[in-house]
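The values are calculated or read from the model by the stated rules, or taken from the named source; none is laboratory data. Keep in mind that what you see is a predicted model, and the values were worked out from it rather than measured. Positions of Cβ are generated from backbone atoms using ideal geometry, with glycine treated the same way; all protein chains shown enter the neighbour counts. We work out accessible area using only protein heavy atoms, side chains counted, and drop any ligands, DNA or RNA first. Shrake-Rupley method; radii C 1.70, N 1.55, O 1.52, S 1.80 Å.
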Amino acid sequence: MEGDVAVLDKTKFTECYRTVWRTPYIMRLAFSAGIGGLLFGYDTGVISGALLYIRDDFKDVQKHTWLQETIVSMAVAGAIIGAAFGGWMNDKFGRKKSIMSADVVFLCGAIIMASAPNPWIIIVGRLFIGLGVGMASMTAPLYISEASPARIRGALVSTNGLLITGGQFLSYLINLAFTKAPGTWRWMLGVAGIPPIIQFVLMWFLPESPRWLYRQNKVLEARNILEKIYPTDEVEKEMKALQSSIEDEKQSEDATGCGMFSKLRNAWRNKVVRRGLYAGITVQVAQQFVGINTVMYYSPVIVQLAGYASNRTALALSLITAGLNSLGTIISMLFVDRCGRRRFMIVSMFGIITCLVVLAAMFFQASVHSPPVSIMESNHFGVNSTCSNFRNTPNPTSWDCMTCLKASSGCGFCANGANIYNPGACLAMDDITRGSCRAEHRSWYTKGCPSKFGIFAILLLALYIISYAPGMGTVPWIVNSEIYPLKYRGLGGGVAAVANWTSNLIVSQTFLTLTETLGTAGTFLLFAGFSVVGLVAIFFLVPETKGLQFEEVEKMLDKGYRPDLCCNTKPDA
């Protein structure tokens, strides 16, 4: 019941299909738990589109960047707590009850957000959603892993990762579907309450994980479940493997102590685990500091920064990033065992760095060639509608669209009616003025400016996702499933996951502030710098584990290893 890596190849796909066809019960188990991955993806992706309309409804959110960042990142903060709390719940109450508890939390969060009368209630709802995400992110794969036949476990667990990216893609579709509906963002966020109800009902009729039952001395119940999963002639073999695995686990706990701090102290003293943590934490932190979740959480905002004013257009173009992320996950499943984990990540990082640098150059060019502000165009809407900073500036001819949007009084740019790249109007940012601009069939800009470079920025975002998803998107999780000795695998993976969520929180909570402080170009250039540091760290700290048994990985970490220029690692002499 232990030790299979969650990676797909053609053989596993075929074996998975054959096994599930013969035993549909297995698919019921995997699909029911896998809804947790779909929820994970949906709730982390839906806020990117909903935020556009939350800004329109609540002026405090429009005015305060930190409030927008808090709405987005509160789910990540909740996920850190949920992951830690979920680990305790898994051991105490079992995998099934933990998943059902996460469903209740998800549903509460969706209801709170959909009915929120102000931004602070949305933040509370996002915290609830984050708690559910944290619990589901670790419990769903664990349940699938422990309730699946060993020979197809990797395939079934990997589908959970595919459902996460699929959930993100679905969130963009739902966002797009409700752009014309009354309540817009309330529907977008409220729809998240449907899948947890479905999962709760499905899980009610499914059994607990056989591994957890055996650990609770419910041996007969564990056997009954295994008999539904495995052919009759394999059940006894699996029972013995389960017994051996749990006995080893209990012996390890007796030797090292059951307390978390005791386990961490003993793990850090172990040279093999310490080197494994260097590698595992490095890849998880690097995964976040390349800036991926700025794209996933703020994709429509970035599209608007590239020069597309319409919320609906921004959402439609954002579908590209979500779709390519799902495609990249499939590519990784098919080829990572052939190409190697370390090589995949290093090639991925080179692509990411190149895209970020060119993307920064594109946004810089867009700001330099921003359309100028015209006094005549601005006065066309009346003196009282003109941006106060622009009205009082001693040198109005020096103003352009970017200057207008950065004005301290909060202003919007109303594009020229004949050609959006011609001089436009700098106006006060209020509902009446915005309505007057749009009434003349003009585009209203509050984030980015009209730019001929916008389409190139979108294409570069697509290339960035293609570079990221197959390598840095999935491989760090694979590395963390292989790099630790068996008795420390849960602890090591948990520490690395906390590092991942914490890095995610830092990036998501600071992105909009960075774009205001450094500019969009400067922000992407900063992420390129972080990516260079991550590339160097991966090259020196992360060994290649492709094709190695867990025992071989342990021996390599014990002896040490040195990298070479061909992206391989060699054991030290």
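Given the rule -39500 (n - 2.57) for each run of at least 4 DSSP H residues, summed and divided by the residues of the chain, what is its mean residue ellipticity at 222 nm, to the nearest 500 deg cm²/dmol?
-24500 deg cm²/dmol
What is the extension gain from ASN384 to ARG269, computed as 0.36 nm multiplied by their sequence separation minus the C-alpha to C-alpha distance, in nm to one decimal?
Separation in residues times 0.36 nm, less the Cα-Cα distance, equals 34.5 nm.
What FRET efficiency do you get for GLU552 and SER409 if R0 is 60 Å and r is their Cβ-Cβ distance, rounded to the nearest 0.05?
0.40
Just to confirm the number: angle between the C-alpha axis of helix 454-468 and the first principal axis of the chain, 0 to 90 degrees, nearest 10?
The two axes meet at around 10 degrees.
By how many nm would the segment from ASP56 to LEU319 grow when fully extended, if each residue of separation counts as 0.36 nm and the alpha-carbon distance is taken off?
Extra length available between ASP56 and LEU319 comes to 92.5 nm.
Do any trypsin sites (Lys or Arg not before Pro) in the range 358-452 lie in a loop, going by DSSP, with at most 15 other beta-carbon atoms within 10 Å of their beta carbon, and if so which?
Of the trypsin sites (Lys or Arg not before Pro), the ones in loops of the range 358-452 whose Cβ has at most 15 other Cβ atoms within 10 Å are LYS406, LYS452.
Dividing the Cα radius of gyration by the Kirkwood radius, what Rg/Rh value follows for the range 500-541?
Over the Cα atoms of the range 500-541, Rg/Rh equals 1.05.
Using a 1.4 Å probe, what is the accessible area per residue for the chain, in Å²?
42
For LEU206, LEU463, give me the order by solvent-accessible area with a 1.4 Å probe, most accessible first, ignoring ligands, DNA and RNA.
LEU463, LEU206
What ³J(HN,Hα) values, in whole Hz, does the Karplus curve 6.51 cos²θ - 1.76 cosθ + 1.60 give for the range 225-236 when θ = phi - 60°, with x put for Gly and Pro?
6, 4, 5, 7, 9, 9, x, 4, 6, 10, 4, 5
Using amide H atoms built in the peptide plane, which far-off residues or other-chain residues are under 5 Å from TYR561 H to H?
So TYR561 has HN proximity to ASP572.
Tabulate in residue order the Karplus-calculated ³J(HN,Hα) for the range 270-279, using 6.51 cos²θ - 1.76 cosθ + 1.60 with θ = phi - 60°, rounded to whole Hz; enter x for Gly and Pro.
Working through the residues one at a time gives 7, 4, 5, 5, 4, 5, x, 5, 3, 6 Hz.
In the range 393-432, which residues have a backbone nitrogen under 13 Å from the label point lying 7 Å from MET376's Cα in the Cα-to-Cβ direction?
Within reach of a label on MET376, which here means backbone N under 13 Å from a point 7 Å along Cα→Cβ, the range 393-432 contributes 417-418, 423-425.
Give a residue-ordered list of calculated ³J(HN,Hα) values for the range 358-371 (Karplus: 6.51 cos²θ - 1.76 cosθ + 1.60, θ = phi - 60°; whole Hz; x for Gly, Pro).
3J(HN,Hα) across the range 358-371, in whole Hz: 5, 4, 4, 4, 5, 5, 5, 4, 4, 6, 5, 9, 5, x.
With r as the distance between the Cβ atoms of GLN365 and THR397 and R0 = 30 Å, compute the FRET efficiency 1/(1 + (r/R0)^6) and round to 0.05.
Computed FRET efficiency for THR397 and GLN365: 0.85.
In the range 443-464, whose amide N lies under 15 Å from the spot 7 Å out along Cα-to-Cβ of LEU327? List them in ranges.
Residues passing the 15 Å test: 458-464.
Can you flag which of LYS218/LYS240; LYS96/LYS237; LYS92/LYS555 are past 26 Å Cα-Cα?
Checking Cα-Cα distances, LYS92/LYS555 exceed 26 Å.
Label-point separation (nm) for ASN118 and GLU516, each offset 7 Å from Cα along Cα-to-Cβ?
So the label points at ASN118 and GLU516 sit 2.0 nm apart.
Compute the helix-to-body angle for 119-146: its Cα long axis versus the longest principal axis of the chain, expressed 0 to 90° and rounded to tens.
30
Which of the following values of Kirkwood radius over Cα pairs in Å was calculated from the structure shown: (1) 25.1; (2) 27.5; (3) 28.2?
It is the value labelled (1).
How do 515-521, 423-429 rank on mean C-beta neighbours within 10 Å, highest first?
423-429, 515-521
On a 0 to 90 degree scale, rounded to 10, what angle separates helix 489-541 from the longest Cα axis of the chain?
10
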